[in-house]
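In what follows, a structure is listed as structure tokens, so that the remarks can point back to it.
The values are calculated or read from the model by the stated rules, or taken from the named source; none is laboratory data. Values in this document were obtained by computation on a predicted structure and should not be read as measured data. Here Cβ is always computed from backbone atoms with ideal geometry, including for glycine, and neighbour counts include all displayed protein chains.
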Amino acid sequence: MTFVSTTHDGTTRAQRAAQSSRSAELYARACELMPAGVSSPVRAFKHVGGTPIYLREGRGARVTDVDGNRYVDFCLAWGPMILGHSHPEVVEAVVRATRDGLAFGTTHAHEVALAERILQAFPGKERVRFVVSGTEAVQTALRLARAKTGRKRILKFSGCYHGHSDAMLVKGGSGLVTQGIAESAGVIAAETTLVAPLGDEAAIEEAFAAHGETIAAVILEPLPANNGLLVQGRRWLESLRRLTRAHGALLVFDEVITGFRFGFSGYDRVSGVIPDLVTLGKIVGGGLPVAAVVGTAEVMDLLAPKGPVYQAGTMAGNPVALACGIATLDVLARGGVYERLETLGRLLDEETAGIDGTLIRRGSLFWPYFAPGAAPVRAEAIASEAVDRFRRAYAGFLAAGLYLPPSAYEVGFLSAAHDEDDVRSLARALVAASKAQA
Ligand SMILES: *Cc1c(COP(=O)(O)O)cnc(C)c1O
């Protein structure tokens, strides 16, 4: 199968076609109105070439763009749509909540309902604070850690993305690495943010030996999924728990991608390592803006108005958004979804056995790595060849009717709405792309 027929000027046929599309027209107008025409950097398609696709609707695993092209969606809004688009129960819950009023800026019964569901999934945790984005959840968690310990430094890992708060925009993966930015301009974070390589126990020991008295928290994605999928060993996660405890620092799991991803639980259930604070987003909102910080009462009750750590939000705990999250979690809690995702994932493993490179997968997260050798476990080990080959293959994925995240560094997602044929189509395209680009 050949997808990409390159013309003399290096553009693909799909890109040529796109230039005269309604998507391309909209994008041209958007570029006159918005920086690079987008609300979030990776959406601009700079990394893979061509112009962004303007989606019009999504049903199940399928999305349709403004030109009427249909794609099987493996980007899924970057993770929240684990049930697929427009799940009937979720839509019904959102419509009902919408009819009752969009926002009150008061306490609301939905807060209690969603907090109960979340805490049920995180044994030992006692409090939830709702915020609007993963970025805010992380910001709040770090503020709490600094207040709790009276220390200023945060240790993060190269390639872990924690949203776009200033302190976290160093070696942040995701859109930063996609645009080739190590550290955002306009940010002064270096002083208080320490950065270590993933999976390196000695590096953490050194960091604590040098700065142990001033490290408030170690934050990580326990399964880093914003700079490829960099699977970490359990022993290393355990060493982080041990060292943070020994030095009086908090351990923060940023579970904005992993929370409720592998079961009705957090990554503590997968790894056996229990963090002090957890940040959630994506799935807990089911497609609307909900994120949360989860922890013990001892730490969380430092938040205002109970304690001295200030945090607030006009749209925090918005009832319509919470209704969406509640309905999504209720479908997940009923069972069957995670088993289904694992079945589809196994099929993807089998069908990509012939890939020139590696298909790295955990549950519904997958990352095609188009380079020889072992799967990388740290950001620095990702071969540029793999990145280049993915970029060159991207227009071919679109031409084959597959919508993947438009970046070699972003993971793809399976949903409960995908079927076996969708997975086989994906596998065929990945295998063919890996060979065509070898
Ligand atoms: C998506 C993500 C964030 C940022 O969440 P936003 O809602 O985009 O601010 C933070 N951490 C991780 C691990 C993420 O995947």
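Restricting the search to segment 387-434, which residues are over 23 Å from Tyr54 (Cα atoms) and outside any helix (DSSP H, G or I)?
Ala416, Asp419
Part of a helix (DSSP H, G or I), in contact (Cβ under 8 Å) with a residue 40 or more places away in the chain and crowded, with 22+ Cβ neighbours inside 10 Å - does that describe any residue in segment 361-375?
Scanning segment 361-375, I find no residue that is part of a helix (DSSP H, G or I), in contact (Cβ under 8 Å) with a residue 40 or more places away in the chain and crowded, with 22+ Cβ neighbours inside 10 Å, so the answer is no.
Could you go through segment 152-163 and let me know if any residue there is within 14 Å of the ligand (Cβ to nearest atom), free of Cβ contacts under 8 Å to residues at least 40 places away in the same chain, closer than 29 Å to Ala316 by Cβ and crowded, with 22+ Cβ neighbours inside 10 Å.
No, there is no match, as no residue in segment 152-163 is within 14 Å of the ligand (Cβ to nearest atom), free of Cβ contacts under 8 Å to residues at least 40 places away in the same chain, closer than 29 Å to Ala316 by Cβ and crowded, with 22+ Cβ neighbours inside 10 Å.
With a cut-off of at least 2 residues that are within 20 Å of Ala304 (Cα to Cα) and either among the β-branched types (Val, Ile, Thr) or in contact with a helix residue (DSSP H, G or I) (Cβ under 9 Å, 6 or more places away or on another chain) (or both), name the helices (runs of 4 or more DSSP H) lying wholly within segment 68-181.
Because the criterion is at least 2 residues that are within 20 Å of Ala304 (Cα to Cα) and either among the β-branched types (Val, Ile, Thr) or in contact with a helix residue (DSSP H, G or I) (Cβ under 9 Å, 6 or more places away or on another chain) (or both), the helices (runs of 4 or more DSSP H) in segment 68-181 that meet it are 109-121, 134-149.
Of all residues in segment 52-66, which are part of a loop (DSSP other than H, G, I, E, B) and either touching a His at 6+ places or on another chain (Cβ under 7 Å) or surrounded by fewer than 18 Cβ atoms within 10 Å (Cβ to Cβ) (or both)?
If the condition is that a residue be part of a loop (DSSP other than H, G, I, E, B) and either touching a His at 6+ places or on another chain (Cβ under 7 Å) or surrounded by fewer than 18 Cβ atoms within 10 Å (Cβ to Cβ) (or both), then Tyr54, Ala61, Val66 are the ones that fit.
Return yes when Leu303 is surrounded by fewer than 24 Cβ atoms within 10 Å (Cβ to Cβ), closer than 20 Å to Ala109 by Cα and of a type outside the set (Gly, Ala, Ser) and no when it is not.
The answer is no for Leu303.
Do the conditions hold for Ala353, that is, is it in contact with a helix residue (DSSP H, G or I) (Cβ under 9 Å, 6 or more places away or on another chain) and surrounded by 22 or more Cβ atoms within 10 Å (Cβ to Cβ)?
No; evaluated as a whole, the condition is false for this residue.
Just checking, which of Ala121, Ala145, Ala137 is more than 16 Å from the ligand (Cβ to nearest atom) and either hydrophobic (A, V, I, L, M, F, W, C) or surrounded by 22 or more Cβ atoms within 10 Å (Cβ to Cβ) (or both)?
Just a single option satisfies the conditions, and that option is Ala121.
Please work out if Thr64 is free of Cβ contacts under 8 Å to residues at least 24 places away in the same chain and more than 24 Å from Thr258 (Cβ to Cβ).
yes
Take Ala189 and decide whether it is within 16 Å of the ligand (Cβ to nearest atom), out of contact with any Lys or Arg (no Cβ under 8 Å at 6 or more places or on another chain) and modelled with pLDDT under 95.
yes
Go through (1) closer than 30 Å to Leu322 by Cβ; (2) surrounded by fewer than 16 Cβ atoms within 10 Å (Cβ to Cβ); (3) in contact (Cβ under 8 Å) with a residue 12 or more places away in the chain; (4) under 27 Å from the mean Cα position of the chain (by Cα) for Glu116 and report which single condition fails.
Single failed check for Glu116: (3).
Do we find that Arg234 is over 25 Å from Ala333 (Cβ atoms), among the charged types (D, E, K, R), surrounded by fewer than 24 Cβ atoms within 10 Å (Cβ to Cβ) and touching a helix residue (DSSP H, G or I) at 6+ places or on another chain (Cβ under 7 Å) in this structure? Walk me through it before giving the result.
Numbers: over 25 Å from Ala333 (Cβ atoms): yes; among the charged types (D, E, K, R): yes; surrounded by fewer than 24 Cβ atoms within 10 Å (Cβ to Cβ): yes; touching a helix residue (DSSP H, G or I) at 6+ places or on another chain (Cβ under 7 Å): yes.
Against the criterion (over 25 Å from Ala333 (Cβ atoms), among the charged types (D, E, K, R), surrounded by fewer than 24 Cβ atoms within 10 Å (Cβ to Cβ) and touching a helix residue (DSSP H, G or I) at 6+ places or on another chain (Cβ under 7 Å)), Arg234 qualifies.
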